[in-house]
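> The structure follows.
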């Protein structure tokens, strides 16, 4: 990853390669029968650390070890510890950061490029829906520890305020916004107690809700954050039922003799 290593790259060539990769990813999903398509986040080095290139305040050094320490002590789970070590070795080329200054958003061009690439890749396709992923305040805080704000709550609030611009850009583009929140479970083992875990989780949820309430209101667009209208859910259930139980000839009702397997 030359960009992660700070090495110069041909920007035009890189952008063209990303566009091509998004197109290939979307087409493979469609060919496999996937109903709800996504760009695969191929423009990002990872689903959480990419924000260092879109936010100010992440000039400090970080490490995968700091992430593992928040996940919990792995001595009691040697098999999982081995898997985690292998995963982290694969992430050796990723640049890990920490927060060392005020957080603000400066990734407008990057998110608009992601949107444009996905829209171009969707040309000629008719998926049931399309979504784009974005890192939640909580997972950003786990991957990039706070060394600037006085409290975890203030740090999460600053991230949420900054990331709101990316969330709203995805929403306004007409895509479903998927917020990646694995921290909701990741932080449990290392919290020390159930009370500490609940307190940390409450902070993360509060930050997420506070910044999401304006751009993700149900009366604005119920699809945002993965919400669906009840009628749409019912329509899809009916479609799945119909595929599993297709109509036979008139007067015969469902012809179970030609039952088709449900689509994955």
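> Examine region 32-44 for a residue that is over 20 Å from residue 130 (Cβ atoms) and surrounded by 17 or more Cβ atoms within 10 Å (Cβ to Cβ), and state whether such a residue exists.
No: region 32-44 contains no residue that is over 20 Å from residue 130 (Cβ atoms) and surrounded by 17 or more Cβ atoms within 10 Å (Cβ to Cβ).
Rundown of residues vs (1) part of a loop (DSSP other than H, G, I, E, B); (2) surrounded by fewer than 19 Cβ atoms within 10 Å (Cβ to Cβ), yes/no style:
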| residue | (1), (2) |
| --- | --- |
| 127 | yes, yes |
| 134 | no, no |
| 139 | no, no |
| 142 | no, no |
| 150 | yes, yes |
| 153 | no, yes |
| 163 | no, no |
| 178 | no, yes |
| 198 | no, yes |
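To keep it simple, each residue is scored yes or no on (1) modelled with pLDDT under 60; (2) surrounded by 19 or more Cβ atoms within 10 Å (Cβ to Cβ).
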residue: 208; (1), (2): no, yes
residue: 215; (1), (2): yes, yes
residue: 230; (1), (2): yes, no
residue: 256; (1), (2): yes, no
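> Which residues, taken from region 167-176, are surrounded by 21 or more Cβ atoms within 10 Å (Cβ to Cβ) and within 12 Å of the chain's Cα centre (by Cα)?
Answer for region 167-176, where residues must be surrounded by 21 or more Cβ atoms within 10 Å (Cβ to Cβ) and within 12 Å of the chain's Cα centre (by Cα): 167, 170.
The values are calculated or read from the model by the stated rules, or taken from the named source; none is laboratory data. On a predicted model such as this, the values are computed, not experimentally measured, just so you know. Neighbour counts run over all protein chains shown; Cβ positions are idealised from the backbone, glycine included.
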